[in-house]
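Q: Below is one structure. I have some questions about it.
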Amino acid sequence: MPRRNLIVGLDVGTTKTAIVIGELYRESQVHILGLGTAESRGLNKGQVVDIGLTSQAIDQAAFRGERAAGVKFDRVCVGIAGGHLHSQSHAAALRLRPNEVSIAPHHIDRVIQTTANVALPPDREIVAVIPKTFSVDDMRGVANPRGLAGRKLGVETHVVSGMINAMDNLEASLKAARVGIELSILQPLASAQAALTAEQRRDGVVLVDIGGGTTDVAVFMDDNCWNISVLAVGGNQVTADISRGLRLPMSVAEDLKLRHGRVDDAAREDDSLIDVPGFDRGAPIAVRRSDLSMVIEARMAEILEQVRQAIRASGYFDLLPAGVVLTGGGSQLQGLVQLAGRVLELPVTLGRPPALWG
């Protein structure tokens, strides 16, 4: 039987499937019991393309997580991600009835739901409706209108939609792995809860989550998510460039990136060699560290330029005093914070969950 207050998070990524098992205590804190990971082989740019392979990865990660935690589970909180996600802002207003003098929770729910009544293509559905800001009569910039006196309630929301087949395929993969869904949450929102401080979310910050197949760019202001962009680029493009540029097998290129990947000044000037296996399993190939750094930096600079364009397109580039917080597997490259600062022209830090890092 599942342990009381057990909470299980699942991230089905392009390169890695990960499960974290925790136990809730002290109302809002989580004690981590165990982790489980497995290589993903059934996804492309965050979308399931092979249900069998994806379910195998989920099953392997679940088995390893249960073994580490010493508990069993059958339901998870799963992150929704992938390049199929699109978002746009919508606004709506609601007039209170003559006998209603203050804003009640059902008014808030109704006006938010009104913004979700948007025309979508038949192959898409709404994944999330995220309130950005409210207005009450002539008062604007209201964070929480509950209980305020007023006659008219307005809201601006961020409406995120996704491909129906992409979400159906993820659900089918979970079902094949005999795992139920307790809760679905947009991956950028989950990452923000883990990696951003309340002060950053309030003052204005961009979360850039660099995954294997996609990069999420989420703008937070006034403690709410104001814009989400999902770019169909990530760490896999870096691996592919290393493979092509240095003529190495993809598996060797990925290992090189993880073990020796750097984009700092020292790496660009390092002419020492790394011996790696080639295609024919014969004599090892000598890779110059400076060449490796050059390949990685060129692609990462290109990805970061796309991130910069996404932030500019959001309209909030000049309203982000907290700058950019990098997270995700692709953010672990040594020297990336400095490179990102130069390309994005914003302050950049590396995100670390406060509960884990103190």
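The values are calculated or read from the model by the stated rules, or taken from the named source; none is laboratory data. For clarity, every value in this text was computed on a predicted model and none was experimentally measured. Cβ: placed from backbone, ideal geometry, glycine included. Neighbour counts: every protein chain shown. Each accessible area value is taken on the protein alone, full model and side chains, heavy atoms only, with ligands, DNA and RNA left out. Shrake-Rupley method; radii C 1.70, N 1.55, O 1.52, S 1.80 Å.
Q: Given the conditions (1) among the β-branched types (V, I, T); (2) closer than 20 Å to N44 by Cβ; (3) without any contact (Cβ under 8 Å) to a residue 40 or more places away in the chain, report the number of the one that V252 does not fulfil.
A: (2) is the only condition that V252 fails.
Q: While we're here: Considering R312, R308, which residue is surrounded by fewer than 17 Cβ atoms within 10 Å (Cβ to Cβ), at pLDDT 95 or above, under 30 Å from L189 (Cβ atoms) and not polar (S, T, N, Q)?
A: That would be R312, the only listed residue that is surrounded by fewer than 17 Cβ atoms within 10 Å (Cβ to Cβ), at pLDDT 95 or above, under 30 Å from L189 (Cβ atoms) and not polar (S, T, N, Q).
Q: Only residues in the stretch 173-187 that are among the acidic types (D, E) count as the first member; pair them with residues that are buried (at least 22 other Cβ atoms within 10 Å of the Cβ), Cβ under 8 angstrom, at least 6 apart or cross-chain, and list the lot.
A: E182/V8; E182/V76
Q: Using beta carbons and a limit of 9 Å, which pairs, at least six apart or on different chains, have the first residue in the stretch 16-39 and open to solvent by less than 100 Å² (accessible area, probe 1.4 Å) and the second one in a loop (DSSP other than H, G, I, E, B) and aromatic (F, W, Y)?
A: I19/F73; I21/F73
Q: What pairs come up if the first residue lies in the stretch 333-352 and is touching a residue at least 24 places away in the same chain (Cβ under 8 Å) and of a type in the set (G, A, S), the second is surrounded by 15 or more Cβ atoms within 10 Å (Cβ to Cβ) and in a helix (DSSP H, G or I), and their beta carbons are under 6 Å apart, counting only those six or more places apart or on different chains?
A: From the stretch 333-352, the pairs are A340/L304; G351/A195.
Q: Can you name every residue in the stretch 306-317 that is touching a strand residue (DSSP E or B) at 6+ places or on another chain (Cβ under 7 Å) and in a loop (DSSP other than H, G, I, E, B)?
A: Correct list: Y316 only.
Q: Moving on. In the stretch 71-81, which residue that is out of contact with any Gly (no Cβ under 7 Å at 6 or more places or on another chain) and not hydrophobic (A, V, I, L, M, F, W, C) is most open to solvent (accessible area, probe 1.4 Å)?
A: If we take residues in the stretch 71-81 being out of contact with any Gly (no Cβ under 7 Å at 6 or more places or on another chain) and not hydrophobic (A, V, I, L, M, F, W, C), then K72 is most open to solvent (accessible area, probe 1.4 Å).
Q: Any residue that is assigned to a helix (DSSP H, G or I) and hydroxyl-bearing (S, T, Y) - is there at least one of those in the stretch 292-300?
A: For the stretch 292-300, residues assigned to a helix (DSSP H, G or I) and hydroxyl-bearing (S, T, Y): present.
Q: For residues that are closer than 17 Å to S243 by Cβ and among the charged types (D, E, K, R), scanning just the stretch 290-309, find the one that is farthest from the chain's Cα centre (by Cα).
A: D291
Q: Checking V8 against (1) under 24 Å from E254 (Cα atoms); (2) among the aliphatic types (A, V, I, L, M); (3) open to solvent by less than 20 Å² (accessible area, probe 1.4 Å), which single condition isn't satisfied?
A: It is condition (1) that V8 fails.
Q: Among (1) free of Cβ contacts under 8 Å to residues at least 60 places away in the same chain; (2) of a type outside the set (D, E, K, R); (3) assigned to a loop (DSSP other than H, G, I, E, B), where does G82 come up short?
A: With respect to (1) free of Cβ contacts under 8 Å to residues at least 60 places away in the same chain; (2) of a type outside the set (D, E, K, R); (3) assigned to a loop (DSSP other than H, G, I, E, B), G82 is out only on (1).
Q: May I ask you to say which residue of I242, I303 is in contact (Cβ under 8 Å) with a residue 60 or more places away in the chain, in a helix (DSSP H, G or I) and open to solvent by less than 40 Å² (accessible area, probe 1.4 Å)?
A: None of the other options fit; the residue is I303.
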